[in-house]
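Quick note: the coordinates plus some simple rules give every number you see, no bench work behind them. The structure displayed is predicted, hence computed values, not measured ones. Note: ideal-geometry Cβ built from the backbone for every residue, glycine included; neighbour counts use all protein chains shown.
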Amino acid sequence: MVKLVAFAGSTREKSYNQAIIEVAVEGAREAGAEVKLITLADYPMPIFNQDDEAEHGIPEKAQQFKELLIEADGFLIASPEYNSSYPALLKNAIDWASRQAGDEKVLAAYKGKVAGIMAASEGALGGMRVLVTLRMLLENIGTMVLPNQKAISRVNTLLDESGKVSDEKTIKQLKLLGKQTAELAVKITAS
Ligand SMILES: Cc1cc2nc3c(=O)[nH]c(=O)nc-3n(C[C@H](O)[C@H](O)[C@H](O)COP(=O)(O)O)c2cc1C
């Protein structure tokens, strides 16, 4: 069974990206993947500073987050779009997990992995521009990003009162992305 780690690039209480990642996770699980859904709120990390790293090493939570990624075959990531790009929270976590410790291989968290990426916004573009930058970032550190991706626009109109995605078409699209990510992870791990 392939293992995926899923998370949103937002720790906002009513995060839209948290809402959409939950649906993609369902799709991946239905396709047979073992998915660990985490929140970055459980992995607080200081803003990366190379002097601090040299003096104190990798902080415990950052190392734990990195180890989750190392153990996984792939990722599902839902990112808010901040000023056309990814939020500092997400980039900082990705940066920390790119740092080598002990006998880990270079970029062990990312190389040879697959990722399905998505975004949600109240705006008309749905965060489409963050997906361009996030795709480039992940590909550059060795993670193959699925061609299919989803930018969910006007996401506030697609939720029920509890904040869960209730629009059937959106649920279908997000589940498909989760399923396709799981299927690509199976192919990559078999090759
Ligand atoms: C600093 C900042 C910049 C933002 N820039 C964009 C943007 O470029 N495009 C967009 O669609 N929404 C933008 N937004 C609005 C976010 O899409 C919105 O806050 C969204 O709810 C964040 O995702 P979340 O609900 O998962 O926290 C921005 C929000 C902040 C705080």
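Could you give the length gained by full extension between E161 and Q50, i.e. 0.36 nm per residue of separation minus their alpha carbon distance, to one decimal place?
So the chain would gain 35.6 nm between E161 and Q50.
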If each of M136 and E122 carries a label point 7 Å out from its Cα toward its Cβ, how far apart are those two points in nm?
-> 2.8 nm
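Looking at the chain, do any whole DSSP H helices span at least 18 angstrom along their long axis by alpha carbon and average 0.5 or above on Kyte-Doolittle, and which?
What comes out of the filter, once short or polar helices are dropped, is 128-140.
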Roughly how many nanometres apart are two label points built 7 Å out from the Cα toward the Cβ at E67 and L176?
-> 3.9 nm
Compute the separation of the alpha-carbon centres of the stretch 167-191 and the stretch 77-111 and state it in Å as a whole number.
-> 22 Å
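Please identify the longest segment of the chain free of exposed GluC sites (Glu not before Pro), where exposed means a DSSP state other than H, G, I, E or B and no more than 16 other Cβ atoms within 10 Å.
Longest gap between qualifying sites, sites excluded: 14-103.
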Multiply the residue separation of K187 and I38 by 0.36 nm, subtract the distance between their alpha-carbon atoms, and state the gained length in nm to one decimal.
-> 51.2 nm
